[in-house]
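Everything below concerns the one structure shown next.
The values are calculated or read from the model by the stated rules, or taken from the named source; none is laboratory data. Fair warning: this is a prediction, and the values are worked out from it, not measured in the lab. Here the Cβ positions follow ideal geometry from the backbone for every residue, glycine too, while neighbour counts run over all protein chains shown.
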Amino acid sequence: MKTCIFLSHNSADKPFARRLASDLEAQGVGYWLDEAEIKVGESLIERIREGIDDAAYVAVILSPDSVKSLWVQREVDVAINQEIQGRRVKVLPVMYRMCDLPGFLLGKKYADFTDPTRYEAALKELVHSVGVVFRRNALSTTRPAHNIGSAIDQAWSVGLPMLSRPFHRPFQYMGMTVTAVAAAVGSEPNRVGNIIVDSDECHMLLEAEGNFINYVSVDLKRSAPQYRDRPFDPVPALGALSVNPAELELVRSATHYHHYSDHRRKLKVSVSCLEDGGPLMVGFSSKYYGM
């Protein structure tokens, strides 16, 4: 099972939390971020407790805002109690903006992100602390024009919310067995083995080849109507699905489509308008990677 870090943070520190989540994922470390995991109508307390129960680590992003946050205090209390009782979860202090360590974290060494010029060194220390080998080549030497944080912000600006499971990071289903995906998304395969998930926000097709999923497409219903002769910005669509544009290489582009290569996952990623008046579709395929 991949190492997972629960990111406990205050809303004022959200941009940093998003950047840290993206860089952890690039290092092969999974993360739990509230906006991606909690759906409308779900119990905040229940889902957060489940998130902590499933995580191996709880990273507390510390700042003058977070140490005053009752939600952050509750999340850390749950994690500290589990750590004291000998459960596997461990609490990792992450100092984002300098502040006094709260009493429940006194005596713990923290990863120091307060100096932007030492971000890479702090990330390396954090990654090593969870037993993962740091890969410098997974980081860009310069911040790209679009990263996961800016893509999510753009999604919000055009009325596309950051989507939660099962639409969050759909590339995760590529290569999984049909049975495993059916259990993950809560929908049974049809007679040809494909799985369809519908909601007010999305229509997702998970296409099978044999016993494995080899193609995923997500129609973003809120993006309609689109037209094939009108250009569009693909970044908000990627942001809504928590796909980091910084990890993609643009291969081909036209008025009605943008095709990318995800070299780390060996996937072709496309954002396209398939029909006039329809929504934008984001697709993931391994079959045409590199073409």
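A few points about this structure:
- Helices (runs of 4 or more DSSP H) contained in the range 1-96 and holding at least 3 residues β-branched (Val, Ile, Thr) and at pLDDT below 80: 44-54, 70-84
- Residues that are of a type in the set (Phe, Trp, Tyr) and under 14 Å from Gly175 (Cα atoms) within the range 259-287 comprise just one, Phe284.
- Residue in the range 189-204 that is among the aliphatic types (A, V, I, L, M), under 23 Å from the mean Cα position of the chain (by Cα), surrounded by 14 or more Cβ atoms within 10 Å (Cβ to Cβ) and under 19 Å from Asp262 (Cβ atoms) present: yes
- For the range 266-291, residues that are assigned to a loop (DSSP other than H, G, I, E, B) and in contact with a helix residue (DSSP H, G or I) (Cβ under 6 Å, 6 or more places away or on another chain) total 1.
- Search result, residues across the range 251-271 that are basic (Lys, Arg), more than 18 Å from Asp219 (Cα to Cα) and within 23 Å of the chain's Cα centre (by Cα): Arg264, Arg265, Lys266
- Considering the range 116-205, the qualifying helices (runs of 4 or more DSSP H), each wholly inside and each with 2 or more residues that are of a type in the set (D, E, K, R), run over 119-129.
- Filter pass, Val235 being in contact with a His (Cβ under 6 Å, 6 or more places away or on another chain), more than 25 Å from Val178 (Cβ to Cβ) and either assigned by TED's automatic domain parsing to the domain that holds Arg18 or at pLDDT 95 or above (or both): no
- Scanning the range 244-254 for any residue that is surrounded by fewer than 19 Cβ atoms within 10 Å (Cβ to Cβ), at negative phi, of a type in the set (Ser, Thr, Tyr) and assigned to a strand (DSSP E or B) turns up at least one such residue.
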